[in-house]
Amino acid sequence: MSKSGKIFTLGNSYRQDDGVGPWVARHLREAGLEVFEVADDLTRLVEGLAGAGEAWLVEAVVSGHPPGTLHVMEVGQEPLPAAFERLSSHTLSLAQALEIARALGVLPRRTLIFGIEGQAFRPGEALSPEVIKTAEQLVQALLKAAAGPGNVFVTNPRQSEV
């Protein structure tokens, strides 16, 4: 990650697997990284992106893949696929927030989305075991990547099981 890089986490700690973003934030902070939690208010994400040369976003997703599946997407020149519009539990979807950032000229040169597939989104704080396993591996990969230059492969830890 570049010196102007920022890490953002999205989600609500009180909606089970939706809390994976705050869970990752807590563990990255314990390791000494600065993390911006935007919770469910993605207007805060748009504000926070200003001045960032690179951004990493961590969020729970639901796409029909097995729980714990890690999705990694780099935001390109085109708007995010329509699926990102309808899968959000936030008032403003991630796709809408990123397009607002693009229109305002604050979308970083490089933006990576790390989506962890959740399975339970009812009231409660417990994450699913599969989500915790993937979140732990993502935290380690992000710590390595943030530590310095070099290539870090972030792969789906459950890919061999699918």
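The values are calculated or read from the model by the stated rules, or taken from the named source; none is laboratory data. Everything numeric here is computed off the predicted structure, so don't read it as measured data. Because the Cβ atoms are built from the backbone with ideal geometry, glycine has one as well, and the counts that use them run over all protein chains shown. Ligands, DNA and RNA are excluded from the accessible area calculation, which covers all protein heavy atoms including side chains. Shrake-Rupley method; radii C 1.70, N 1.55, O 1.52, S 1.80 Å.
Quick notes
- Qualifying residue in the stretch 27-42 (condition: of a type outside the set (Lys, Arg) and touching a His at 6+ places or on another chain (Cβ under 7 Å)): yes
- Odd one out for residue 114 among (1) at pLDDT below 95; (2) within 21 Å of residue 48 (Cα to Cα); (3) open to solvent by less than 60 Å² (accessible area, probe 1.4 Å): (1)
- The residues of the stretch 74-106 that are at pLDDT 90 or above and loosely packed, with under 14 Cβ neighbours inside 10 Å, listed by number, are 74, 103, 104, 105.
- Selection within the stretch 24-47 - open to solvent by less than 20 Å² (accessible area, probe 1.4 Å) and not in a strand (DSSP E or B): 24, 25, 28, 42, 45, 46
- Of the residues making up the stretch 94-137, just one is among the charged types (D, E, K, R), part of a loop (DSSP other than H, G, I, E, B) and within 16 Å of residue 27 (Cβ to Cβ), namely 125.
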